[in-house]
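Each remark here refers to the structure printed beneath this line.
The values are calculated or read from the model by the stated rules, or taken from the named source; none is laboratory data. If you're wondering where the values come from, they're calculated on a predicted model, not measured in any experiment. Because the Cβ atoms are built from the backbone with ideal geometry, glycine has one as well, and the counts that use them run over all protein chains shown.
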């Protein structure tokens, strides 16, 4: 089957399932996907045209269309941003391009992420929008990681016609999106807790080491002062 139309065909296959779970008989009342908005921030690469060009080229390969350059509307000195400077790349996908991109995102890119156990429940908001963030776009099959000189993350907002969070979750789960289970959440929280504790212990060791270095540096000075005091006392005695 053509990968580009896989997800679109799958949607029509899951219509009976959606009708049953949502208690809706009218097919036109079922939630459906409207568009996907993809963004890449260029805060670290906005000064280098070559890096921006490479990111833009790679994003075009992933999306199947050239992304729009987002330019700063005004200068912000505190962020070192000048008016007219390219600060992000953005693309809105609809129709076949949306289905093609989401098919790759849901079934290839997300599972390729390190330690991926499902999307957090907060990825879905009350408006039925799914928010996804990827740390590295090389997880897409269109990109050869060894050829990428400027790795970058990206964010995706998938907009549906779902009326609420519950409807949206039923729709996205039926389309193959994996959400984090309670067991996976506990594992993630335990791992985060362990990492936090290890970081705290490392910080304490570093502080102790610095304190010891400072004390060692102070010892010669203290000895010199004591020696000088003894010399002065001896001189006074004589």
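So for region 105-124 (the condition being outside any helix (DSSP H, G or I) and surrounded by 18 or more Cβ atoms within 10 Å (Cβ to Cβ)), does at least one residue qualify?
The answer is yes; a qualifying residue exists.
With the requirement that a residue be assigned to a loop (DSSP other than H, G, I, E, B), at pLDDT 90 or above and closer than 23 Å to residue 131 by Cβ, what does region 34-66 give you? Spell out how you get there, then give the answer.
Filtering region 34-66 for residues assigned to a loop (DSSP other than H, G, I, E, B) gives 42-48, 64-66.
Those left that are additionally at pLDDT 90 or above: 64-66.
Result: 64, 65.
Write out, first by first residue and then by second, each pair whose Cβ atoms fall under 8 Å of each other, whose residues are 6+ apart or on separate chains, and whose first residue, in region 62-87, is in contact (Cβ under 8 Å) with a residue 60 or more places away in the chain while the second is surrounded by 12 or more Cβ atoms within 10 Å (Cβ to Cβ).
Close Cβ pairs (under 8 Å, with a partner that is surrounded by 12 or more Cβ atoms within 10 Å (Cβ to Cβ)) amount to 62/101; 62/104; 62/137; 62/140; 62/142; 62/143.
Of the conditions (1) exposed (fewer than 15 other Cβ atoms within 10 Å of the Cβ); (2) within 24 Å of residue 50 (Cβ to Cβ); (3) within 21 Å of the chain's Cα centre (by Cα), residue 89 clears all except one; give me its number.
Just one mismatch for residue 89, condition (1).
When you look at residue 217, is it in a helix (DSSP H, G or I), modelled with pLDDT of 75 or more, loosely packed, with under 11 Cβ neighbours inside 10 Å and not assigned by TED's automatic domain parsing to the domain that holds residue 15, yes or no?
So residue 217 fits the description; yes.
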